[in-house]
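Below is one structure, written out as structure tokens; the observations come after it.
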Amino acid sequence: MDVLREMPRLTFFRGRVGLYAILKALDIGPGDEVATQAFTCLAVPEGIMATGAKPVYVDTEAGGVNMCPQDLLRILGPHCKAVVVQHTFGVPAQMGPIREILEERGLPLIEDCCHTYASTYVNQVVGTFGVGAFYSFEWGKPIIAGIGGSAVVNDPALRAKVEEFYRSCQEPGWKTTLKIQIQFQAFMRLYRPEKYWQVRRTFQRLSKSGAAQGNYNPTGEVAADFGLRMAPPLRARLKRKLQDAHAVAQHSRDIAAQYESGVSAVFKRVFVPEGAVPVYARFPLLTDSKPALLEAAEEASVEIADWYKTPIHPLSAEESSSVHYEPGSCPNAESLSHRLVSLPINQKVDARTVQSIVEFLNGF
Ligand SMILES: *Cc1c(COP(=O)(O)O)cnc(C)c1O
């Protein structure tokens, strides 16, 4: 069976609903804690908090973008019932040490595979290490279907419970689906790496006004998203797109190799664990001049992304208490959000795009 091209059975309105479905199937709810890493996006705590559980945050590795195994030991308390491990930008987390800790404690592992479906760790593909994994298919992810996500459940007993939840979910209304479809078509037509900043400004304006389906829901209430499946036309698109899953992964490897050899060593690369083979969603780099670099990139219409700008993107320090993140508690993640930028890898990136980005960076 070809796991990369396989159409997931359990597709939801968004990736975070897949996370929520797995947590619910594990009977996680009020009074429980779920550990996840800082240097993540609001979608993850949103999925955890929709169950009533409280997210607790593990710091990132020094020089890396993923969960630090030693810091995980610090955070695991008696109320922690599951751990969400994110493979940020497609770099596999340190699954060996993390799995050892979780097995010893008897805690379930859930993988956040929103940035990659093809990376491997010691020859094993991500998404197969724990009880289950979740994926996202919105803008910026390796496979784009519009908005949507999936849950893949490796544990058979748990899968039956997630399927039961799936059957109880509804399809989104036609207006929401139409809005997503229009957004998808507009994005496909307008986006090119040289148009990144322009498209981004437009999308931010439209989602603020409610004309576009934004990425995040208001905190403090459980959004209707958590009872919704992915709409059938988006599912059909996902199925078609997955036919190209191997070509998309190969394109990512090729583009990443060009960045790797082209970009000056002044921009430090992030830590990749031994045995990990990343298939990147975006190519991450570290810089000590992030604000100036981004300003110059926007000026020159060169696509360089700023996320994650804060430990729980896009929340500011003041706002992050709403998802139980205490400012200062994860110093590596905070420093990372001030230093990390990323380069595009998607299907519209070609050798010429790479050349212009490399020239821009090396001349900065
Ligand atoms: C995009 C993303 C999610 C959530 O995906 P949605 O489909 O927006 O819910 C979760 N985790 C990470 C790391 C992501 O990048």
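The values are calculated or read from the model by the stated rules, or taken from the named source; none is laboratory data. None of the values given here were measured: they were computed from a predicted structure. Using ideal geometry, Cβ is built from the backbone for each residue, glycine included, and neighbour counts are taken over all protein chains shown. Just the protein is used for accessible areas: all its heavy atoms, side chains included, with ligands, DNA and RNA removed. Shrake-Rupley method; radii C 1.70, N 1.55, O 1.52, S 1.80 Å.
Couple of notes before you dig in:
- Flag for Ile22 being of a type in the set (A, V, I, L, M), touching a residue at least 12 places away in the same chain (Cβ under 8 Å) and in a helix (DSSP H, G or I): yes
- Count of region 72-96 residues, restricted to those that are out of contact with any helix residue (DSSP H, G or I) (no Cβ under 8 Å at 6 or more places or on another chain), part of a helix (DSSP H, G or I) and open to solvent by 10 Å² or more (accessible area, probe 1.4 Å), is 3.
- Residue within region 33-48 that is over 24 Å from Ser335 (Cα atoms), more than 16 Å from the ligand (Cβ to nearest atom) and either assigned to a loop (DSSP other than H, G, I, E, B) or touching a Lys or Arg at 6+ places or on another chain (Cβ under 9 Å) (or both) present: yes
- Breaking point among (1) in contact (Cβ under 8 Å) with a residue 24 or more places away in the chain; (2) of a type outside the set (Phe, Trp, Tyr); (3) assigned to a loop (DSSP other than H, G, I, E, B), for Glu298: (3)
- Qualifying positions in region 49-71 - in a helix (DSSP H, G or I) and either over 20 Å from the mean Cα position of the chain (by Cα) or closer than 13 Å to Ile98 by Cβ (or both): Pro69, Gln70, Asp71
- Only one of Gly173, Gly146 that is away from the ligand (no atom under 14 Å from the Cβ) and of a type in the set (Gly, Ala, Ser): Gly173
- Selection status of Val279, open to solvent by 20 Å² or more (accessible area, probe 1.4 Å) and either more than 30 Å from Arg5 (Cβ to Cβ) or in a loop (DSSP other than H, G, I, E, B) (or both): no
Yes or no, residue by residue, for (1) among the basic types (Lys, Arg); (2) away from the ligand (no atom under 16 Å from the Cβ):
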{"residue": "Arg74", "(1), (2)": "yes, yes"}
{"residue": "Cys80", "(1), (2)": "no, yes"}
{"residue": "Val83", "(1), (2)": "no, no"}
{"residue": "Phe89", "(1), (2)": "no, no"}
{"residue": "Pro92", "(1), (2)": "no, no"}
{"residue": "Glu104", "(1), (2)": "no, yes"}
{"residue": "Leu107", "(1), (2)": "no, yes"}
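- Any chance Leu158 is in contact with a Gly (Cβ under 7 Å, 6 or more places away or on another chain), within 29 Å of Thr51 (Cα to Cα) and crowded, with 19+ Cβ neighbours inside 10 Å: no
- Of the residues making up region 13-24, those that are open to solvent by less than 10 Å² (accessible area, probe 1.4 Å) and more than 9 Å from the ligand (Cβ to nearest atom) number 3.
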